[in-house]
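To keep things clear, I will list the structure first and then write my remarks on it.
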Amino acid sequence: QVQLVESGGGLVQAGGSLRLSCAASGRTDSSDAKAWFRQAPGKERELVAALPWSIGVTYYAASVKGRFTISRDNAKNWYLQMNSLKPEDTAVYYCAAQTIGATKYDFWGQGTQVTVSS
């Protein structure tokens, strides 16, 4: 059974940086797609960045492109480097994984709070 745990959230000033980490346990491997989502108060959950199944492909939401970078070092750890943070980036951030053949992300962490002060 796959379990995901996020870490690295906190309070930063606008223009600052944070690095979020996701640690996976269980039967996950490097072929699984990886992603980061976020949900701000009163807003719907949105996809922020993803590493799909295709090698060398990345996805970023338009609002974070050029500021955030998703990366991985193995099947059990992936990261979100967030630079030039803005107050509108304030949200709970979730890591997620999607196994091959799944129609949606089927494994989720419980979230880590990121707060950016103005």
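The values are calculated or read from the model by the stated rules, or taken from the named source; none is laboratory data. The shown structure was predicted, so the numbers you read here are calculated from the model rather than taken from an experiment. Every residue, glycine among them, receives a Cβ derived from its backbone with ideal geometry; neighbour counts consider all protein chains shown. Quick note on the areas: whole protein, heavy atoms, side chains included, nothing else; ligands and nucleic acids left out. Shrake-Rupley method; radii C 1.70, N 1.55, O 1.52, S 1.80 Å.
For the chain, the per residue solvent-accessible surface stands at 54 Å², with DNA, RNA and ligands left out and a 1.4 Å probe.
Across the chain, the relative contact order, built from alpha-carbon pairs under 8 Å that are at least six residues apart, equals 35 percent. Mind jotting down the distance between the C-alpha centroids of the stretch 1-76 and the stretch 83-118, whole Å? Centre-to-centre distance over Cα atoms comes out at 6 Å. Estimated from the Cβ-Cβ distance and a Förster radius of 25 angstrom, the FRET efficiency linking GLN81 and GLN1 is about 0.30. Label-to-label distance, ASP73 versus GLU46, with points set 7 angstrom from Cα along the beta-carbon direction: 3.0 nm.
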